[in-house]
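These notes are about the structure you will find just below.
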Number of protein chains: 2
Amino acid sequence: MDAVRLVEVGPRDGLQNEPQALPVEVRVELIARLVDAGLRTLEAGAFVSPRWVPQMQGSDEVIRQLETHPGVTYTALVPNLQGLERALAVGCREVAVFAAASEAFSQRNINCSIAESMARFEPLLAKAKEEGVAVRGYVSCVLGCPFSSEVPRADVVKVARDLYAMGCYEISLGDTVGLGTPGKTRELIRACAAEVPVAALAGHFHDTYGMAVANVMAALEEGVRTFDSSVSGLGGCPYLPGATGNVATEELVYLFDGLGMSTGVNLPALLQAGAFVDAALSRLSASRVAIALRNKAQRSLRPND
Amino acid sequence: MDAVRLVEVGPRDGLQNEPQALPVEVRVELIARLVDAGLRTLEAGAFVSPRWVPQMQGSDEVIRQLETHPGVTYTALVPNLQGLERALAVGCREVAVFAAASEAFSQRNINCSIAESMARFEPLLAKAKEEGVAVRGYVSCVLGCPFSSEVPRADVVKVARDLYAMGCYEISLGDTVGLGTPGKTRELIRACAAEVPVAALAGHFHDTYGMAVANVMAALEEGVRTFDSSVSGLGGCPYLPGATGNVATEELVYLFDGLGMSTGVNLPALLQAGAFVDAALSRLSASRVAIALRNKAQRSLRPND
């Protein structure tokens, strides 16, 4: 059976875009439940300024409290060398860096040009290599940007290639605003795969316009086998408050189960992890799979229906 | 530019699954707005018992009040010869019949076996032919059934082939509970296209599990060029109250626009038709495209953001 690898980004990319910040112990329990459900790579926090991202405050403590399990990797987003050092201090063996394919987005989101962000990653990647720590590279705005009309495909390919050349073991291509459609996704993956081995590419799709699952399929058909997702569709879209965020992990597990591809994730356990975090945030799930299966379970409890 | 044909089923399949019934004049205005947005085939009502489907009461009056436009077809669901005669009385030039691929669903939904439903359609199709009225055939439960564990593909193919042989000009394959995933959709379309010309097949996908857009893509890649959808994702799932129903027309227009395929539909006008019916039903849109674009429009009104 063909297998896919899911990278659970709910506890970082998801939670940092929820209005309410969750305490350390809730984040630790969420991650533990996700591990129990079978997820093996989990973004557990971010070493960024709590002034900009209060939801990620206490990431040190979260990662320190997580139980280690063979085969389970906890990663953290690090913006610079200082962030990497904090990640190293709590024992991270993998971190992620975040670049943009759009100059306008880079300026508005991380307050520097694309070239400046790459320059900042150089000492970080050198130090990570020295420490034997794996680095994942995010490229945002790969299929559109909230602040510029178009993102040339060549710009995406350049950032992906540069991050890979600098030592990132995997490049996660992020459709940050969910603007992509499957034809453009397919063309993008082909263009990137000409410069970076397709096995080192991951798809990171947001469902803002309801296209994420179709975009995952397009990337899958082009050979991508690693996808990022958030339990219960945590996160929303920071650029369109009220809109949907990361594709829900439940949707991808349902999809791959249906395709006969293994994810290693147990859907009922995943649904429970989702219900746990939804209750903690007093939010409704953004996962259609979660809603449908919850309603189905409730219905089966009513005997005369 | 490659073109696809959208069949707008919101005013029938959508509205009949909303808890609140809308008055005739609101349904007439909704359909008029959808025509203005560019839709050309619209299911305007159903000639069924108001005891079973109160939401469709007054379908005669709705269709009588609709303005005729060159190239626009208003269709109605008819369960039997009597229903056809009511449709003919108000001038319908196209009707639809509804069969199931699952014996359990047929019994629970239309209270007869599949064979009995087909026998009931025979005089209906003969009369329609005599009158020069086109008949569309729905097959429900093509990728799963809420009342039986599995629906054999051969059963779907048989019902599709029989409806086509009896004179239906188009067979709409309905994933009634939204259980399908793209691999199974692809295999189903291939199996049906071996017996019915692919140009006479339509895809009717529900988004209950968030798979509809991906299933549309799979059917499209197999040559299907006609898809059913509901404005604003009207309808919900009658078997899982609270869950999503028909794929939203907005999602398909966004998808095909992104693929460079023509639908003839103007998305801003469609969004206004959706906002109109959502207000009438005091409901939130089930379309992610509608939500995202509404939030984007609101955001652009705030100058200092």
- Task: Would you mind listing the helices (runs of 4 or more DSSP H) fully within segment B:1-116 where at least 2 residues are modelled with pLDDT under 95 and farther than 20 Å from B:Asn246 by Cβ?
- Result: B:103-110
- Query: So, of the residues in segment A:264-300 that are part of a loop (DSSP other than H, G, I, E, B) and within 13 Å of chain B (Cβ to nearest Cβ), which turns out to be surrounded by the fewest Cβ atoms within 10 Å (Cβ to Cβ)?
  - Reply: A:Leu284
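Looking at A:Val48, A:Val72, A:Val151, which is the one that is open to solvent by less than 60 Å² (accessible area, probe 1.4 Å), touching a residue at least 40 places away in the same chain (Cβ under 8 Å) and of a type in the set (Val, Ile, Thr)? First the steps, then the outcome.
Values: A:Val48 fails: touching a residue at least 40 places away in the same chain (Cβ under 8 Å); A:Val72 fails: touching a residue at least 40 places away in the same chain (Cβ under 8 Å).
Exactly one of A:Val48, A:Val72, A:Val151 is open to solvent by less than 60 Å² (accessible area, probe 1.4 Å), touching a residue at least 40 places away in the same chain (Cβ under 8 Å) and of a type in the set (Val, Ile, Thr), namely A:Val151.
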- Task: Test B:Met211 against the criterion of being over 16 Å from the mean Cα position of the chain (by Cα) and either open to solvent by 10 Å² or more (accessible area, probe 1.4 Å) or within 19 Å of B:Ile171 (Cβ to Cβ) (or both), and give yes or no.
- Result: no
- Task: Determine whether B:Asp175 is open to solvent by less than 10 Å² (accessible area, probe 1.4 Å), under 27 Å from A:Thr244 (Cβ atoms) and within 21 Å of the chain's Cα centre (by Cα).
- Result: yes
- Per-region count, segment A:163-201, residues free of Cβ contacts under 8 Å to residues at least 60 places away in the same chain, away from chain B (no Cβ under 12 Å) and of a type in the set (Ser, Thr, Tyr): 2
- Task: Tell me which residues, restricted to segment B:240-251, are closer than 12 Å to B:Leu39 by Cα and within 11 Å of chain A (Cβ to nearest Cβ).
- Result: B:Glu250
- Selection count where residues are open to solvent by less than 20 Å² (accessible area, probe 1.4 Å) and free of Cβ contacts under 8 Å to residues at least 60 places away in the same chain, scope segment A:12-42: 5
- Query: Does segment B:145-172 hold any residues that are at pLDDT 95 or above and within 19 Å of the chain's Cα centre (by Cα), and which are they?
  - Reply: B:Val156, B:Val159, B:Ala160, B:Leu163, B:Tyr164, B:Cys168, B:Tyr169, B:Glu170, B:Ile171, B:Ser172
- Is it the case that some residue within segment B:155-162 is charged (D, E, K, R), more than 10 Å from chain A (Cβ to nearest Cβ) and open to solvent by less than 10 Å² (accessible area, probe 1.4 Å)? no
- Going through segment A:252-263 in order, the residues found to be open to solvent by 10 Å² or more (accessible area, probe 1.4 Å), within 12 Å of another protein chain (Cβ to nearest Cβ) and outside any loop (DSSP other than H, G, I, E, B) are A:Tyr254, A:Asp257, A:Gly258, A:Leu259
- Query: Which of (1) assigned to a loop (DSSP other than H, G, I, E, B); (2) open to solvent by less than 30 Å² (accessible area, probe 1.4 Å) is the odd one out, the single condition B:Gly242 does not satisfy?
  - Reply: (2)
- Filter segment A:217-239 for residues that are within 13 Å of chain B (Cβ to nearest Cβ) and surrounded by fewer than 24 Cβ atoms within 10 Å (Cβ to Cβ); the one that is farthest from A:Thr41 (Cα to Cα) is A:Tyr239
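The values are calculated or read from the model by the stated rules, or taken from the named source; none is laboratory data. Owing to the predicted nature of the structure, the values given are computational and were not obtained by experimental measurement. No Cβ is skipped: glycine too gets one built from the backbone with ideal geometry, and neighbour counts run over all protein chains shown. Just the protein is used for accessible areas: all its heavy atoms, side chains included, with ligands, DNA and RNA removed. Shrake-Rupley method; radii C 1.70, N 1.55, O 1.52, S 1.80 Å.
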